[in-house]
Amino acid sequence: MPGRRIVSKYFCLEWVQVYNEQEQESFGFRVGIDLKFARHGTVIRGGIDMALKFADIVGKARENVPGISSAEAKEKIQANPDTLVIDVQDAADAGACGLIPSSVNISLGMLPIRADLELPEHLRDARLADRNRPVIVTCGAGGQAAIGAYLLKQMGFTDVSYISGGTAAWKEAGFDVEPLK
């Protein structure tokens, strides 16, 4: 929603939300500033783009991908042993609260590369070739997992979700974890 605030007769602040009509997504805000110099009648216009924050990105992901509880994730894994569980934490961080048994560690930064079927085979992860394979994404607390799940959804995965609360919630529910190998 556009806004305008006149701070003084020499300074005006305007803002507008940057919105992609086709994708129906908000990308942040653009703030414009007008400085008026009375003596010369000159107007200097400038602006800066306001970047999204981590919470904004996580929120967008959570709007588009279902979060499931630890109990629901465990049931899904037991019902279909082909379910792929991916922990998207960096390897150094993944060991902090352990890994869900049978999960694989693919960092959030590498996930879209490992899942891209058009990249050379040595960069891909064969476990991510089937876009219909059930995938559950996790991380320490759930934020990175939501982003990872959203990336996979955008890449064509049809059955992808993330664990709300991440591996910490899994562990709090009393389910087993194992150390990073």
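Points worth noting:
- Here the Karplus relation 6.51 cos²θ - 1.76 cosθ + 1.60, evaluated at θ = phi - 60°, turns the backbone of the stretch 128-137 into coupling constants of 9, 6, 8, 6, 9, 5, x, 10, 10, 9 Hz, with x for every Gly and Pro.
- Packing-based exposure ordering (other Cβ within 10 Å, fewest first) of ILE163, ILE106: ILE106, ILE163
Bear in mind these aren't lab numbers, they're just calculated from the coordinates by the rules spelled out. Because the structure is predicted, anything quoted here is derived from the model rather than measured. Every residue, glycine as well, gets a Cβ built from its backbone with ideal geometry; the counts of neighbours run over all protein chains shown.
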